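Note sheet for the following structure.
FYI, it's all coordinate maths here, none of it is from the lab. If you're wondering where the values come from, they're calculated on a predicted model, not measured in any experiment. Here the Cβ positions follow ideal geometry from the backbone for every residue, glycine too, while neighbour counts run over all protein chains shown.
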Amino acid sequence: MRAETESHVAAIQKSLALLGQRLGLETVQHRLEEYNALTEDPTLWNDPARAQKLMRERQGLVDAHATWRDITRDLQDNIDLIDLGESEGDAGVVAEAEAALKALAEKAAQKELEALLDGEADGNDAFLEINAGAGGTEACDWAQMLARMYVRWAEARGYTVEEQDFSPGTEAGIKSVVYQIKGRNAYGWLKTESGVHRLVRISPFGKGTRETSFASVWVYPIIDDTIEIEVHDKDIRIDTMRASGAGGQHVNKTDSAVRITHFPSGIVVTSSLKSQHQNRDIAMQTLKSRLYQLELDKRNAAINAQHEAKGDAGWGNQIRSYVLQPYQMVKDLRTGHETSDTGGVLDGDLDAFMAATLAMDVAGKSRAEAQAD
């Protein structure tokens, strides 16, 4: 077996070991039997939220076990084919099996990464909020570039993107925008992007000077009926208003926009679609998501300090730097991951950055759990 192929085999075995560890292979059968017994309970659907949660958990376990089993089988099958081809001198069989192992290594690495998304809300849809920070018009333009980057990333994954709220910049770009990103593990992936993003470039607005701009990105899980977040009427104020904007697709000609202020937390959320009733529902859902994120932050404060507080969109809270001049570089300041392919990143090629942050978070949690023990 060639050295390159041996490295693919080793990588697949490493991925299988991690997948098996996170799956809990020794208890899979027992857990499936428990799920099956619960799903056969005739009273299960008396509580639809609980039933749906149970069915999702069961299917997730079934899918994860099938993935581990399929990769294990394909690995052995292709190793056997290589041994057979080499013993019979059939170079075609060997080449085909080696190509299959290379593809399998890529698949196993992707599944290994997806296995890291095992948080309580990782599988949920997400709200993605982008705000221009320090830098005036430059920052508004940068916020619009980030919005395009995330929309492209989401669409490339087959996710659905719905604009919930929009505030245009005075001269160019956007002051803020909120999207709903819908798709499996949307929150699990996007949660790695919360923080301040810094851009360094030559100004495109006729100044000819090197400018530094900031924009903040904040991500919250869209919670469903299986997660209870209580909001008391006395703790909120609901206002209706006319949406701002100079016109075009974002103009809102009626007082249908809704703003909810939550007094205990200081959180303010808005929605500015055409229907006031729809805006009220979306704004309330957004508020509950923000409150749930606050609770997640409290739980993870020791190992996820970047989520503790928004702060100002400026130097002190950066997670990533994007330099377009005098050289090309995007660098994540938490993990050290970097690339000179700035065009690819701004076109939505973010998976490597997200993967590095997820791996760092998991390593941090493992260390914290070990120290607690």
Checklist line | Principal-axis tilt of helix 3-23 within the chain, Cα atoms, nearest 10 degrees | finding: 60 degrees
Next item on the list: Please work out the ratio of the alpha-carbon Rg of segment 55-131 to 2.2 N^0.38 Å and round it to two decimals.
Entry: 1.59
Checklist line | D (Stokes-Einstein, µm²/s), Kirkwood Cα radius, segment 3-114, 1.002 mPa s at 20 °C | finding: 133 µm²/s
Check: How long is the gain from H30 to I267 if the chain were fully straight, where each residue apart is worth 0.36 nm and the alpha carbon distance is subtracted?
Finding: 81.0 nm
Check: Among 135-143, 119-127, what's the highest-first ranking by average C-beta atoms within 10 angstrom per residue?
Finding: 135-143, 119-127
Next item on the list: Sum up the lysine pairs in segment 1-112 that clear both bars: alpha-carbon distance under 17 Å and a spacing of 8 or more or different chains.
Entry: 4
Checklist line | Summed residue charge, Cβ within 11 Å of I174's Cβ, Lys/Arg positive, Asp/Glu negative | finding: -1
Check: Fully extended, how many nm does the chain gain between Y327 and R152 (0.36 nm per residue separation, minus their Cα-Cα distance)?
Finding: 60.6 nm
